[in-house]
Amino acid sequence: MNQYQLNIKADDKQVVLERILQVARYRGFLISGITASVNTGTNIGVIELMVRSERSIDLLVDQINKLIDIKEVTVDNSASQECSA
Amino acid sequence: MASEQKHTGGSLLFSVLQEHGVKHVFGYPGGAIMPIYDALYDSEVEHFLCRHEQGAAFSAVGYARASGKVGVCLATSGPGATNLITGLADALADSIPVVAITGQVPTGAMGSDAFQEIDVFGLSLACTKHSFQVTDINDLARVLHKAFAIALEGRQGPVLVDIPKDIQLAEITTTLEDVSKLRNKVKLPPVDVGHAISLLSHAKKPVLYVGGGVGMANAVDELRTFAKTTNLPSVSTLKGLGAIDPEDENYLGMLGMHGTKAANLAVQECDLLIAVGARFDDRVTGKLDEFAPNAKIIHFDIDTAEINKRRFADAAILGDLKVNLPALAIPLAIDDWLASCQDSKITNAWRYDHPGENIYAPAVLNEISQKMPKNTCVTTDVGQHQMWAAQHMLFNDPTNFLSSGGMGTMGFGLPAAIGAQVSRPTDCVIAVTGDGSFMMNVQELSTIKRFQLPVKILLIDNAKLGMVRQWQDLFFNGRLSETDLSDNPDFIMLATAFDIKAKEITKKSEVSEAVAEMLDHNGPYLLKIKIDAQDNVWPLVPPNTANDKMMESI
């Protein structure tokens, strides 16, 4: 089981957070932490998502990237790690 | 220059639909969508009243798949909206552009468990490409334009727009947007075909694996030119049928669980698999670890997320097939491999000399395929009849074979045929169905009656849920659990009750005349053929088994 941190930038649109969480769950990733904020000037949301899974993180990155309101998804390698949980 | 016009939300909806060229919609009215149906009264858009919202959704899917246009369906809030869900899931699984409009309780009542209120916006997250809920009349036109753009751009799919009743009633003065300025905004990295060309030119046993993405990309001509230039042997997925010319001598048929022996053996033996608009679905690959075990992969797709999802791609070609296929069209020297594939095709060709007097469904489907008009559109439901149709009928374009591939939805065939017939009123449309599937949306016979749609229905009746029965016999020790349908209604009486001419045949000797009568009939027609309940679909690759280990009989 590996733990990853995704840094996601998204337009501040309806239910964008629900969409991200639904995709993460459906694609086989357990959510172990989340922080989210919105820049009210740009209407861009920044979401840090901690997930755990035995699956490749590329699978989740590609699927979140497909969501219409997503601007960017990156994996923060410094915060990602292999764990035994 | 367009002038400002006064609209209600309802009338604005139909104006925007017309801006996008929508002439036909499928739906069912109800309380929370009444202002939209009131605006429909004055609209030029033609509405087809279905008898269940699921029928409306599948008709929109059939319309889209048969025509290449966006299918549109309407439903009210609550149960109307939830009844659309299966159709939207089907459209998502098969990448079909549909725009679904749902009525919603007024914004002030939302979240209060109001009568016929359901959070369809929430429900839509897992079964649409995208969805919207309009809470400001000033957003309505922009959202609707965006819904059409999203449904069509990149990998196509369904989009839901939920409109509360007060937004439908609200008034606005606005100028309609010029839809010609709406552009496909999919961004993809630049394509490097160098490695793919190297793989192609060094391959000794390459195979072309064609999926539904070819038809969705409107790239049938480019694919056929590619196949002709490279001279590649080809195989097709269920949804890819019709993309390759079925008369092409290098075409080996459908691959996968019920694929032809020649197709599956070629793929298992190949050293290079060129996947075009295909996604290595589990019904195609069988045991994934043993699928095409010696092959490198070139993967063409519009969807980045499909690359490396189920099988690593040695070369990924992302983007528009119409542009990318010609870039790899180089002649190949693979004569020995081609000859081997062609020999296998001849050796393993279908046989129709079925013994006895009972009707053999594959032979009937093959006969219909030979006799039906050239541009006939065939829809299927899901089960044994679906696989027999895919195996034994030939289609010259993907828009002529509509089958629920990804979702495998029983009840798809009849309403999809209605949508196809509405979109192509002068073409022959045949719904091939089974007695289990037919009953799932049988109410749509009423839609056929109301609009006098000349849909032909071939009902293959074994008084069983045939495919489940087959699996129970093969893999569950013959314990036949809830697959007996011997108490089916009298289908001839049923069709007749909807003013649909109907006939039943039970013997092989009656087939030719009955098929001719069905095809020659001007209006709707139901032909029921009684088959042996023990007939199975062969070949069959058992679950979690490599595709070259198919069963060919019990």
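List of remarks:
- Based on Cα contacts under 8 Å between residues 6+ apart, chain B shows a relative contact order of 14 percent.
- The protein assembly as shown: calculated mean residue ellipticity at 222 nm from DSSP helix runs of at least 4, using -39500 (n - 2.57): -9500 deg cm²/dmol
- Taking amide H atoms as placed 1.01 Å from N in the peptide plane, the amide H of residue B:72 lies under 5 Å from those of B:26, B:99, each 5 or more residues away in sequence or on another chain.
- Span per principal axis, largest first, for the Cα atoms of the stretch B:407-460 (Å): 28, 20, 19
- Net charge, residue B:61 excluded, C-beta distance under 11 Å - Lys, Arg +1, Asp, Glu -1: -1
- Nonlocal amide H pairs with residue B:239, under 5 Å, H built at 1.01 Å: B:212
- Peptide B:301-307 has a mean shielding of 3, counted as Cβ atoms of other protein chains within 10 Å of each residue's Cβ.
- Rg(Cα)/(2.2 N^0.38 Å) for the stretch A:2-82, N = residue count: 1.01
- Ranked by how many other Cβ atoms sit within 10 Å of their own Cβ, fewest first, the residues B:428, B:341, B:127 fall in the order B:428, B:127, B:341.
- Two-decimal Rg to Rh for the stretch B:471-554 - Kirkwood Rh, Cα set: 1.11
- Scoring B:384-397, A:29-42 by mean Cβ neighbours within 10 Å over their residues and listing the highest first yields B:384-397, A:29-42.
- Shielding of peptide A:15-26 by partners, expressed as the average count of other chain Cβ atoms within 10 Å per residue Cβ, is 2.
- Taking amide H as placed 1.01 Å from N in the peptide plane, the amide H of residue B:104 sits under 5 Å from that of B:163, B:165, each at least 5 places away or on another chain.
- Cβ-derived FRET efficiency at R0 60 Å, residue B:41 paired with residue A:81, nearest 0.05: 0.45
- Residue B:338 sits among other residues whose Cβ lies under 12 Å from its own Cβ, and their net charge, with Lys and Arg +1 and Asp and Glu -1, is -2.
- Only Cα pairs under 8 Å and 6+ residues apart enter the sum, and on that basis the relative contact order of the stretch B:493-554 stands at 27 percent.
- Two-site FRET efficiency, residue A:42 against residue B:221, from Cβ-Cβ distance with R₀ of 41 Å, rounded to 0.05: 0.40
- Extent along principal axes [Cα atoms of the stretch B:5-181; Å; largest to smallest]: 37, 36, 27
- Cleavage-rule hits (chymotrypsin sites (Phe, Trp or Tyr not before Pro)) in the stretch B:341-384: DSSP loop, at most 16 neighbouring Cβ within 10 angstrom: B:350, B:352
- Listed from fewest to most Cβ neighbours within 10 Å, the set B:223, B:152 follows the order B:152, B:223.
- With q set to 0.18 Å⁻¹, the log10 of I(q)/I(0) for the stretch B:409-523, from the Debye formula over equal scatterers at the Cα positions, is -0.97.
- Highest mean packing comes first when the peptides B:534-543, B:290-299, B:191-200 are listed by Cβ atoms within 10 Å, giving B:290-299, B:534-543, B:191-200.
- For the pair residue B:516 and residue B:480, a Förster radius of 41 Å applied to the C-beta separation gives a FRET efficiency near 0.70, rounded to the nearest 0.05.
- Distance between the pseudo-spin-label points of residue B:354 and residue B:496 (7 Å out from Cα toward the beta carbon): 2.7 nm.
- Cβ charges +1 (Lys, Arg) and -1 (Asp, Glu), total dipole of the stretch A:2-82, debye: 200
- Sorted by Cβ neighbour density within 10 Å, fewest at the top, the residues A:59, B:12: A:59, B:12
- Scaling against 2.2 N^0.38 Å puts the C-alpha radius of gyration of the stretch B:316-469 at 1.25.
- For the stretch B:194-347: rounded, prolate or oblate by the Cα gyration tensor [a/c cutoff 1.5]: rounded
- Where Rh is the Kirkwood radius over Cα pairs, Rg/Rh for chain B: 0.98
- Phi angles of the stretch B:291-305 translate, via the Karplus equation with coefficients 6.51, -1.76, 1.60 and θ = phi - 60°, into HN-Hα couplings of 7, 6, x, 9, 9, 7, 10, 10, 10, 8, 7, 8, 9, 3, 5 Hz per residue; Gly and Pro are given as x.
- Working value for the protein assembly as shown: equivalent-ellipsoid semi-axes of 39, 34, 23 Å, each the square root of 5 times a Cα gyration tensor eigenvalue, largest first.
- Where GluC sites (Glu not before Pro) fall in DSSP loop in the stretch B:41-72, at most 14 other Cβ within 10 Å: B:44
- Residue (of B:440, B:414, B:519) at the positive-pole extreme of the stretch B:361-530, dipole from beta-carbon charges: B:519
- Of the beta bridges in the protein assembly as shown, as assigned by DSSP with both residues counted there, near 35 percent are antiparallel.
- Within-13-Å neighbourhood charge of residue B:10 [Cβ basis; K, R +1; D, E -1]: -2
Where a number appears in this text, it was derived from the coordinates with a stated rule and is not lab data. Owing to the predicted nature of the structure, the values given are computational and were not obtained by experimental measurement. Using ideal geometry, Cβ is built from the backbone for each residue, glycine included, and neighbour counts are taken over all protein chains shown.
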